[in-house]
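Written out below as structure tokens is the structure these notes cover.
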Amino acid sequence: MNPLDQKILNRLAKHGIPKEEFERLIGDDLNLEMLRAQGMNLIFHNKSYKFQSTLSAIDDALFCIIDVETNGSKTAHHQIIEIGAVKFQNGKIIDTYESLVHCTEISDPIAEITGISVEQTLNAPHLAHVMSEVRLFLGDAIFVGHAAKFDYNFVSAMMERVGLGGLLNRQLCTIDLAERTFESERYGLAYLNDMYDLHTDATHHRALSDAITTTKLLEQVLPMVPKNIQTTEELIAFSKEATRMKRLKPIKEEKKGT
């Protein structure tokens, strides 16, 4: 059985798996350390293995908010051209990371959207170097993104491409969280930034700027989470399972008289 299938992950996120059973699933101690090296925040507690996030209070959790810009949408054919990351804990930004990534192909539409040209990336660090730095920066923190699946999958694929192994960090999507905590007409990052002045100096579609905007959104949303949600794993479950708020209808402008 694949030790990382969804049933196993669900057990690690809830009640844990007894030591002997879990070690049979993953093999020797080297496999356990490899899982941890890839970001799985495993701990041994009360004779079982479980995620650290099942015990950590939300304020104590270390979140790593990541945003990537890419030269296309397919992880198999395209690559990250810029990455930005913010470490956030107990209501404070404690560290940031950003880097362009060496690239030789950026289409005109993507260059126009991001403001990143091939000329800017030619002298940037190569993918293997950047992914090694990101792996160390991220550690086993909770991976946070706005539409997190895209950023998570791209970072994971780039990690695998350079031989580091894919990501196994727990992940949290701020779109999912926002949709379950407040009503809005839309939940895109640029829209929410305009509506709530999250990051007044934002440059949309630049990685660190968007990561900071997402961090500001997370900071505003966390106090809106129901008080009975106390652990980080409960927060992740809430973001996926709670009922979404009703979307606000667009405000129609009154027609001017003729």
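The values are calculated or read from the model by the stated rules, or taken from the named source; none is laboratory data. If you're wondering where the values come from, they're calculated on a predicted model, not measured in any experiment. Cβ atoms come from the backbone with ideal geometry, glycine included; neighbour counts cover every protein chain shown.
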Every pair of residues 6+ apart whose Cβ atoms lie under 7 Å, when the first sits in the stretch 20-43 and is without any contact (Cβ under 8 Å) to a residue 60 or more places away in the chain while the second is loosely packed, with under 14 Cβ neighbours inside 10 Å and outside any helix (DSSP H, G or I):
LEU25/MET1
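Can you tell me which of GLU105, GLU69, GLU98, GLU82 is over 30 Å from SER53 (Cβ atoms) and either at pLDDT 95 or above or part of a strand (DSSP E or B) (or both)?
The match here is GLU105.
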Within the stretch 189-214, restricting attention to residues that are part of a loop (DSSP other than H, G, I, E, B) and either without any contact (Cβ under 8 Å) to a residue 40 or more places away in the chain or among the charged types (D, E, K, R) (or both), which residue is nearest to ASN71 (Cα to Cα)?
ARG206
Picking from PHE137, PHE143, the residue that is assigned by TED's automatic domain parsing to the domain that holds LEU168, touching a residue at least 12 places away in the same chain (Cβ under 8 Å), under 16 Å from LEU218 (Cα atoms) and not polar (S, T, N, Q) would be PHE143
Need the failing condition index for ARG180 against (1) at pLDDT 95 or above; (2) under 21 Å from ALA85 (Cβ atoms), just the number.
(2)
With (1) at pLDDT 95 or above; (2) in contact with a helix residue (DSSP H, G or I) (Cβ under 9 Å, 6 or more places away or on another chain) as the list, and GLY165 as the residue in question, which single condition is left unmet?
(1)
Qualifying position, being buried (at least 22 other Cβ atoms within 10 Å of the Cβ), at pLDDT 95 or above and among the hydrophobic types (A, V, I, L, M, F, W, C), among PHE150, PHE154:
PHE154
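Among LEU62, LEU55, which is the only one that is in contact (Cβ under 8 Å) with a residue 40 or more places away in the chain and either of a type in the set (Val, Ile, Thr) or farther than 17 Å from THR214 by Cα (or both)?
LEU55
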Going through the stretch 15-24 in order, the residues found to be exposed (fewer than 13 other Cβ atoms within 10 Å of the Cβ) and within 25 Å of the chain's Cα centre (by Cα) are HIS15
Residue check, ALA76 against (1) within 18 Å of ALA157 (Cβ to Cβ); (2) modelled with pLDDT under 95; (3) surrounded by fewer than 13 Cβ atoms within 10 Å (Cβ to Cβ), all met but one. Which one?
(2)
Just for the stretch 25-58: of the residues that are over 18 Å from LEU138 (Cα atoms) and of a type in the set (Val, Ile, Thr), which one is farthest from the chain's Cα centre (by Cα)?
ILE26
Suppose the filter is outside the structural domain of GLN120 (by TED's automatic domain parsing) and in a strand (DSSP E or B); does TYR49 pass it?
yes
